[in-house]
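Report on one structure; see the data block that follows.
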Amino acid sequence: MGTETKAAGQARKLPVQGLVNALTRTALSTPGVAKGIGRRLILLYVFGRKSGKRYAIPIAYMEHDGKVLIGTQFAWVRNLRTGDPIQVRYKGRLRSAEVEVVTDPDRVADLYTLMCRDNHAFAKFHTIGFDAAGDPDPDAVREAVRLGARVILLTPQVG
C-alpha cells in the first residue's frame, strides 16, 4: 500500500488517523500530560448537526489577538456556527468557548498564512510549502482555501 500524494494546499489524513486521534484525545484529557501537548493542541467537542452525536476533535491551534485560532479543511467544521458556544479542553481544562467561523476567502488565506508561519507542522499537514524567504507558498494557501479551508476563532471562557 503506497503513500498517497497530495496536491499543494490539500490536507493530509494519516492512514492511522483514527488511532492518532484516540491517543491524542486521551493525552489531552490526562492531567499533567495535557500541559505539554496542550501548548499546540486543543480538543473540541462538536455535535453533529444531523446525527446529534458528540465528537471530540483534537486539532492544532495558535493564540492570536486574544483568541484561539484553528484552521481545517475537514467536513466536521460545518457543524460549527458563529455565535454558538462549544465545549473545549484548552490547556488541560474543560471550558466553554464562543465560536466565530471565518469563511471570507481573503481573511481565511491571511489567517492560514499566519498559522503556517507559526506552526510548520500545520503547514506540512496542509501541504503548504515555504519559499526561500521562509514565507508560506501563497498559491498553496489559495488552493487550501479553494478546497474548503475554514478558520475558527474561539474565545474560551476564563474561570
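Filter the range 110-159 down to residues that are within 24 Å of GLY92 (Cα to Cα) and polar (S, T, N, Q) and give me whichever is surrounded by the most Cβ atoms within 10 Å (Cβ to Cβ).
ASN119
Out of the strands (runs of 3 or more DSSP E) lying entirely within the range 63-104, which hold 3 or more residues that are among the hydrophobic types (A, V, I, L, M, F, W, C), at negative phi and under 15 Å from the mean Cα position of the chain (by Cα)?
Filter on the range 63-104 gives 67-72, 93-102.
So which of THR155, THR113 is under 17 Å from MET62 (Cα atoms), assigned to a strand (DSSP E or B) and among the hydroxyl-bearing types (Ser, Thr, Tyr)?
Just a single option satisfies the conditions, and that option is THR155.
Does PHE47 count as of a type outside the set (D, E, K, R), open to solvent by 30 Å² or more (accessible area, probe 1.4 Å) and over 18 Å from GLY148 (Cα atoms)?
So PHE47 passes the test.
Here is a check on your reading of the model: is TYR55 open to solvent by 50 Å² or more (accessible area, probe 1.4 Å) and among the aromatic types (Phe, Trp, Tyr)?
Criteria met by TYR55.
Does the range 111-138 hold any residues that are without any contact (Cβ under 8 Å) to a residue 40 or more places away in the chain and of a type outside the set (D, E, K, R), and which are they?
Those that are without any contact (Cβ under 8 Å) to a residue 40 or more places away in the chain and of a type outside the set (D, E, K, R): THR113, CYS116, HIS120, ALA123, PHE130, ALA132, ALA133, GLY134, PRO136, PRO138.
Being of a type outside the set (A, V, I, L, M), out of contact with any strand residue (DSSP E or B) (no Cβ under 9 Å at 6 or more places or on another chain) and over 18 Å from GLY148 (Cα atoms) is the filter here, so list the residues in the range 109-133 that pass it.
Residue satisfying the conditions is ASP131 alone.
Answer yes or no: is there a residue in the range 93-104 that is among the hydroxyl-bearing types (Ser, Thr, Tyr), open to solvent by 20 Å² or more (accessible area, probe 1.4 Å) and modelled with pLDDT under 95.
Looking for residues that are among the hydroxyl-bearing types (Ser, Thr, Tyr), open to solvent by 20 Å² or more (accessible area, probe 1.4 Å) and modelled with pLDDT under 95, one finds at least one in the range 93-104, hence yes.
Name the residue, out of VAL141, VAL108, VAL88, that is β-branched (Val, Ile, Thr) and without any contact (Cβ under 8 Å) to a residue 60 or more places away in the chain.
Result: VAL108 is the single residue among VAL141, VAL108, VAL88 that is β-branched (Val, Ile, Thr) and without any contact (Cβ under 8 Å) to a residue 60 or more places away in the chain.
Scan the range 74-88 and tell me whether some residue there is closer than 19 Å to ALA123 by Cβ and either out of contact with any Pro (no Cβ under 7 Å at 6 or more places or on another chain) or exposed (fewer than 13 other Cβ atoms within 10 Å of the Cβ) (or both).
Among the residues of the range 74-88, at least one is closer than 19 Å to ALA123 by Cβ and either out of contact with any Pro (no Cβ under 7 Å at 6 or more places or on another chain) or exposed (fewer than 13 other Cβ atoms within 10 Å of the Cβ) (or both), which makes the answer yes.
The values are calculated or read from the model by the stated rules, or taken from the named source; none is laboratory data. Small disclaimer: the values here were computed from a predicted structure and weren't measured. In this analysis, Cβ positions are derived from the backbone assuming ideal geometry, glycine residues included, and neighbour counts consider all displayed protein chains. Areas reflect the complete protein model, heavy atoms only, side chains present, ligands, DNA and RNA absent. Shrake-Rupley method; radii C 1.70, N 1.55, O 1.52, S 1.80 Å.
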